[in-house]
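The values are calculated or read from the model by the stated rules, or taken from the named source; none is laboratory data. Quantities reported herein were computed from a predicted structural model and do not represent experimental measurements. Here the Cβ positions follow ideal geometry from the backbone for every residue, glycine too, while neighbour counts run over all protein chains shown.
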Amino acid sequence: MRVAVISDIHGNAEALDAVLDDIDYVGADFSVCLGDVVGYYPDPEYCVDVIRDRAVYTVCGNHDRAVTGGIPTDNFNEHAEAALYWTETRLSVESKLFLASLPPLIRIEGMVFAHASPNSPESFRYLFDNDRRALSEAFSELVCRAGFVGHTHCPFIAMRHDGGISILPHGKPVNIEDGNYYLINVGSVGQPRDLDPRAAWFLFDTDAKRMELFRVAYDWRITQRKIIAAGLPTFLSDRLAKGI
C-alpha cells in the first residue's frame, strides 16, 4: 500500500497543484491530508474544493478549527489572525461545514494520522525533532506502527527502537524496519519553514517497506502577487521565498 501524506496547505493553490501533480507522477494508492487546508494564503476555497475531491481522508488543523469558530484566535500571531479573518469571509458555507466536520485523528491499517501530536490531537501540541520529551510522550501513545503529523511545517522522521529514539535523515529514502515504530512530520505544502521553499509531501510504502520525503519546486512568485493583491500581510509573501 502506497500512501501519500500532505499537510499545511494554507490556501496556497500553486503549491498544492504542484504537489498533487508530483503524487500523480510518483504514484500512490490514496492520499491523506493532515489539516490546515486554509489560513495564511489567498486561495482557501480552491484548496478546500481540491482536498475534498482528492484526499480520501482529512483531519482538522488548528487553522481549520479557528476559521470555523471551533477554537479562539487569541493564541495566533498577528499575521495568522489577520489571515484567518480574511479567509473566513472568502469561504463558502459548504467549505466551512466540511472543515468543521473534520476529525482530529484517524487510524488506518496500522497507521495514525493527526495534525499535531497524536497523544493530544485536539490541543494542537507541536512536535519538533529536538524535543525528546514530547517525542517520547507521543510515542508512548502510539499503538500503531507509524504516526504522521504536520503543524510545525518542518519535516522529520523519528524512530523508536530498543535503544531509544533516533532521528533519521530524511533527504533520501528510508527503509521501514520490522519491530520499530515511526513518527513522521511530513512538512508543509504551502508554507515550508525549514529554509527550503519547495513544497513537501511524504510517501509511505508498506509493500516495499520504504518511505520518502519529496520536495517539489513551484512558482511561489505567483502566490506572492496574489497575497499582495488580496491585501494580506506582506510578511506572508516574503517568507515563501526563504522557506521560513
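Looking at region 225-243, is at least one residue over 23 Å from TYR25 (Cβ atoms), touching a strand residue (DSSP E or B) at 6+ places or on another chain (Cβ under 7 Å) and not aliphatic (A, V, I, L, M)?
no
Condition check: touching a residue at least 24 places away in the same chain (Cβ under 8 Å), crowded, with 17+ Cβ neighbours inside 10 Å, among the hydrophobic types (A, V, I, L, M, F, W, C) and farther than 26 Å from ASP17 by Cβ. Does CYS144 satisfy that? It would help to see each step written out before you state the result.
Numbers: touching a residue at least 24 places away in the same chain (Cβ under 8 Å): yes; crowded, with 17+ Cβ neighbours inside 10 Å: yes; among the hydrophobic types (A, V, I, L, M, F, W, C): yes; farther than 26 Å from ASP17 by Cβ: yes.
Yes: the conditions hold for CYS144.
Exactly one condition in (1) over 16 Å from TYR41 (Cβ atoms); (2) under 19 Å from the mean Cα position of the chain (by Cα); (3) in a loop (DSSP other than H, G, I, E, B); (4) not β-branched (Val, Ile, Thr) is false for GLY179; which is it?
Tallying (1) over 16 Å from TYR41 (Cβ atoms); (2) under 19 Å from the mean Cα position of the chain (by Cα); (3) in a loop (DSSP other than H, G, I, E, B); (4) not β-branched (Val, Ile, Thr), GLY179 fails exactly one: (2).
Working carefully through the options ALA18, ALA28, find the one that is surrounded by fewer than 24 Cβ atoms within 10 Å (Cβ to Cβ), in a loop (DSSP other than H, G, I, E, B), modelled with pLDDT of 95 or more and not hydroxyl-bearing (Ser, Thr, Tyr).
Working: ALA18 fails: in a loop (DSSP other than H, G, I, E, B).
When all the criteria are applied, what remains is ALA28.
Being of a type in the set (A, V, I, L, M, F, W, C), within 24 Å of TYR181 (Cα to Cα), buried (at least 16 other Cβ atoms within 10 Å of the Cβ) and at pLDDT 95 or above, is that true of even one residue in region 36-52? Talk me through it step by step, then tell me what you get.
Our first condition is that a residue be of a type in the set (A, V, I, L, M, F, W, C); within region 36-52, this holds for 37-38, 47-48, 50-51.
Adding the requirement that they be within 24 Å of TYR181 (Cα to Cα) leaves none.
Within region 36-52, none of the residues are of a type in the set (A, V, I, L, M, F, W, C), within 24 Å of TYR181 (Cα to Cα), buried (at least 16 other Cβ atoms within 10 Å of the Cβ) and at pLDDT 95 or above.
Report, by residue number, each residue of region 39-67 that is outside any helix (DSSP H, G or I), of a type in the set (Phe, Trp, Tyr) and more than 23 Å from VAL112 (Cα to Cα).
Residues of region 39-67 that are outside any helix (DSSP H, G or I), as a first pass: 39-43, 55-61.
So of that shortlist, the ones also of a type in the set (Phe, Trp, Tyr) come out as 40-41, 57.
If the condition is that a residue be outside any helix (DSSP H, G or I), of a type in the set (Phe, Trp, Tyr) and more than 23 Å from VAL112 (Cα to Cα), then TYR40, TYR41 are the ones that fit.
If I go through region 217-244 residue by residue, how many of them are of a type outside the set (A, V, I, L, M, F, W, C) and in contact (Cβ under 8 Å) with a residue 24 or more places away in the chain?
Of all residues in region 217-244, those of a type outside the set (A, V, I, L, M, F, W, C) come to 218-219, 221, 223-226, 231, 233-234, 237-239, 242-243.
Imposing the further condition that a residue be in contact (Cβ under 8 Å) with a residue 24 or more places away in the chain reduces the set to 218-219, 223, 226, 231, 233, 239, 242-243.
So the answer is 9.
Contact list please: Cβ distance under 6 Å, first residue in region 181-198 and touching a residue at least 24 places away in the same chain (Cβ under 8 Å) and surrounded by fewer than 24 Cβ atoms within 10 Å (Cβ to Cβ), second residue in a loop (DSSP other than H, G, I, E, B) and of a type in the set (A, V, I, L, M, F, W, C), pairs at least six apart or on different chains.
Between residues of region 181-198 that are touching a residue at least 24 places away in the same chain (Cβ under 8 Å) and surrounded by fewer than 24 Cβ atoms within 10 Å (Cβ to Cβ) and residues that are in a loop (DSSP other than H, G, I, E, B) and of a type in the set (A, V, I, L, M, F, W, C), the close pairs are TYR181/LEU142; ARG193/CYS154; ARG193/ILE244; ASP194/CYS154; ARG198/ALA217.
Please count how many residues of region 106-120 are assigned to a loop (DSSP other than H, G, I, E, B) and either hydroxyl-bearing (Ser, Thr, Tyr) or over 14 Å from ILE184 (Cβ atoms) (or both). Step through it out loud before you land on a result.
To start, the set of residues in region 106-120 that are assigned to a loop (DSSP other than H, G, I, E, B) comprises 109-110, 115-120.
Cutting the leftovers down to either hydroxyl-bearing (Ser, Thr, Tyr) or over 14 Å from ILE184 (Cβ atoms) (or both) gives us 109, 117, 119-120.
Looking only at that region, the number is 4.
For the condition touching a residue at least 24 places away in the same chain (Cβ under 8 Å) and over 25 Å from TYR57 (Cα atoms), what is the one hit in SER136, SER166?
SER136
Looking only at region 32-64, which residues are more than 27 Å from LEU232 (Cβ to Cβ) and over 11 Å from the mean Cα position of the chain (by Cα)?
VAL56, TYR57
From the list ARG225, ARG221, ARG239, ARG215, exactly one residue is outside any strand (DSSP E or B), basic (Lys, Arg), within 20 Å of the chain's Cα centre (by Cα) and surrounded by fewer than 21 Cβ atoms within 10 Å (Cβ to Cβ). Which is it? Don't jump to the end; show me each part of the working.
Details: ARG225 fails: within 20 Å of the chain's Cα centre (by Cα); ARG221 fails: within 20 Å of the chain's Cα centre (by Cα); ARG215 fails: outside any strand (DSSP E or B).
Answer to the check: ARG239.
Taking only pairs six or more apart or across chains, which ones have beta-carbon atoms under 8 Å, a first residue in region 84-104 that is more than 18 Å from THR58 (Cα to Cα) and without any contact (Cβ under 8 Å) to a residue 24 or more places away in the chain, and a second residue that is among the β-branched types (Val, Ile, Thr) and in a helix (DSSP H, G or I)?
Hits for this filter: GLU88/VAL67.
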